[in-house]
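The values are calculated or read from the model by the stated rules, or taken from the named source; none is laboratory data. Just so it is clear, the structure is predicted and the values come from calculations on it, not from any experiment. Neighbour counts run over all protein chains shown; Cβ positions are idealised from the backbone, glycine included. These accessible areas exclude ligands, DNA and RNA; they are computed on the full protein's heavy atoms, side chains included. Shrake-Rupley method; radii C 1.70, N 1.55, O 1.52, S 1.80 Å.
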Amino acid sequence: MADYQFDTPKVIKEAKKYNPKIIGLQFPDGLKIHAIKLARKLEKETGATILISADPCYGACDLADTKLEGIVDLLIHYGHTPLPIDYSIPVIFIEAYAKIDIIPALRSSLKLLSGYEKIGVATITQHLHLLDEATKFLEEHGKRVLSGKGAGTRRGQILGCNFSSVKKLDVDAYLFIGSGDFHPLGIRLSTGKPVIAADPYTGQVKNIEDFADRILRIRFAAITRAREAKKWGVIMSSKKGQRRLSLALRLKQALEESDKEAFIIILDDISPGLLAPFRELDAFVVSACPRMPIDDYQLYDRPILTPIELEIVLDKRKWEDYTLDEILF
Ligand code: SF4
């Protein structure tokens, strides 16, 4: 199990400035295992009572500030960087960088990067501190390395719904540092360039092309099925960072203008169980987290599309212009 930098002395110092009586702690699922150890330390050092949020948390889009308003004086949120939105209580963000040796994964990536001279490097919050080391390593091995700052993201940082930091880079290929397939898929689909994914936890590297190919086939099939749908659910999230009301309204209007029926369904955590009662609907389009239709499609018995995919269904966009949905602030 990877260890993380929780910056506890800094957290204690910052927290004391708010003189809090009650502090909320929030973690993404992968970091919750550290919650008790941190709560014990923070209660002892700050004198405040700690409340640990056990609800799922997927990003800074999903902060517990609204739920904990009026209950805690301060929220400490681990694992994500802030989004440019207003949080309703004071929040301290701690990135929780993974303590990890990136060099074995970088060394393995060189073979797949051979033939490419200019490399764009991107990663997620937990590995942002490795960016300089990765850049230096690749440069020492003859590459020209670029990374960019995005809309609401730091240099080299991407989110599952924000690939703006990589889009404008003039490079031959990308190296993504992190685990999982979704982020490198997003880079591939938003840039059209080859993407090599290097997992610093396992040291494994792969070209994301085969995975991208499989996902595109699945999405094409979902779009084809959705062309038959007459009654649509437009799914909107009540989470502050995913709450795209104007998009939901536009989607409903676009569907109605194409002679479909459309109903906006608002909920916090989107799940097949909560959508099950709406049997009459033939398909869903999601204005909430852009990852959801791609990651969770297998859980649904009806097509569940992104807004971009709906444009293809309604013949407002060509399949050749397929890309991922993004939330850009
Ligand atoms: S990809 Fe989804 S969960 Fe992640 S930050 Fe964006 S909206 Fe939130």
Tally, over region 50-92, of residues that are away from the ligand (no atom under 16 Å from the Cβ) and within 20 Å of the chain's Cα centre (by Cα)
4
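Residues are listed down the side, and each one gets a yes or a no for (1) closer than 29 Å to LYS136 by Cα; (2) in contact (Cβ under 8 Å) with a residue 24 or more places away in the chain; (3) surrounded by fewer than 18 Cβ atoms within 10 Å (Cβ to Cβ):
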residue	(1), (2), (3)
LYS32	no, no, no
GLU45	no, yes, yes
THR66	no, yes, yes
GLY70	no, no, yes
LEU74	no, yes, no
Please count how many residues of region 179-208 are open to solvent by 10 Å² or more (accessible area, probe 1.4 Å) and in contact with a Pro (Cβ under 7 Å, 6 or more places away or on another chain).
2
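Hey, any hits in region 119-127 for a residue that's open to solvent by 40 Å² or more (accessible area, probe 1.4 Å) and either in the same structural domain as PRO184 (by TED's automatic domain parsing) or at pLDDT 95 or above (or both)? Steps first, answer last, please.
Residues of region 119-127 open to solvent by 40 Å² or more (accessible area, probe 1.4 Å): none.
Within region 119-127, none of the residues are open to solvent by 40 Å² or more (accessible area, probe 1.4 Å) and either in the same structural domain as PRO184 (by TED's automatic domain parsing) or at pLDDT 95 or above (or both).
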Which residue pairs have Cβ atoms closer than 7 Å, lie 6 or more positions apart in sequence or on different chains, and pair a first residue in region 312-329 that is of a type outside the set (Lys, Arg) with a second residue that is at pLDDT 95 or above and open to solvent by 90 Å² or more (accessible area, probe 1.4 Å)?
VAL313/ARG227; TRP319/PHE220
